[in-house]
Amino acid sequence: MARLTVFLAAFFGAVGVALGAYRAHGLKSTLLALELPSGEIATRLDNLGIAIQYDLIHAVALLAIAAAQIQACSKYLSLAAGLFGLGIVLFCGTLAIGAITGQQFYWLLPPTGGVLLIAGWIALAAYGIRRHRV
């Protein structure tokens, strides 16, 4: 299971860096070329920034989970990794797609992804409590 978690961490890390590069060097000029209002451009850049930030934070968290999985097999670690992975896709992925394309069809997906990220942290906390009982 640790190999899959490391893969997910690396994948989401790479995606986060690639999106960060696009945000810094391409998205604004693309949005300006579409002649969008400045408020919409700012909102879309901010949304992509939030998606990148959460993506990279949770990629690092996945890497920490992988390190813990090497030491111990735990359903809580596996659950946290799965919740983080799905949460990144739903929260970060749909925010990024919306920021880049302007599509608003996904209004329920980012909050669902956010709840999954929170649930992943709770599963990780449960692992910590159960693993380190005296």
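Summing Lys and Arg as +1 and Asp and Glu as -1 over all other residues whose Cβ lies under 15 Å from the Cβ of Leu62 gives a net charge of 0.
Here each label is just a point 7 Å from Cα along the line to Cβ, and for Ala21 and Leu108 those points are 3.6 nm apart.
Please work out the Cα center distance from segment 35-108 to segment 9-31, rounded to the nearest Å. A separation of 13 Å, based on Cα centres. Taken along the Cα-to-beta-carbon direction at a fixed 7 Å, the label points for Phe7 and Arg130 span 2.4 nm. For trypsin sites (Lys or Arg not before Pro), the sites in segment 57-134 that DSSP calls loop and that have at most 10 other Cβ atoms within 10 Å are Arg133. Per residue, the chain reaches -26500 deg cm²/dmol at 222 nm when only DSSP H runs of four or more residues are counted, each adding -39500 (n - 2.57).
When you filter the chymotrypsin sites (Phe, Trp or Tyr not before Pro) in segment 52-134 for DSSP loop state and at most 14 other Cβ atoms inside 10 Å of their Cβ, you are left with Phe105, Trp107.
Segment 26-134 gives an Rg/Rh value of 1.13, both radii derived from C-alpha positions and Rh following Kirkwood. Rounded to the nearest 20 debye, what is the charge dipole size of the chain about its Cα centre when +1 sits on each Lys and Arg Cβ and -1 on each Asp and Glu Cβ? Dipole about the Cα centre, nearest 20: 620 debye.
Between Ala64 and Glu40, the distance separating the two model label sites (each 7 Å from Cα on the Cα→Cβ line) works out to 3.9 nm.
Quick note: the coordinates plus some simple rules give every number you see, no bench work behind them. Every value quoted in this text rests on a predicted model; they were computed, and no experiment measured them. Virtual Cβ from ideal backbone geometry, glycine too; neighbours counted across all protein chains shown.
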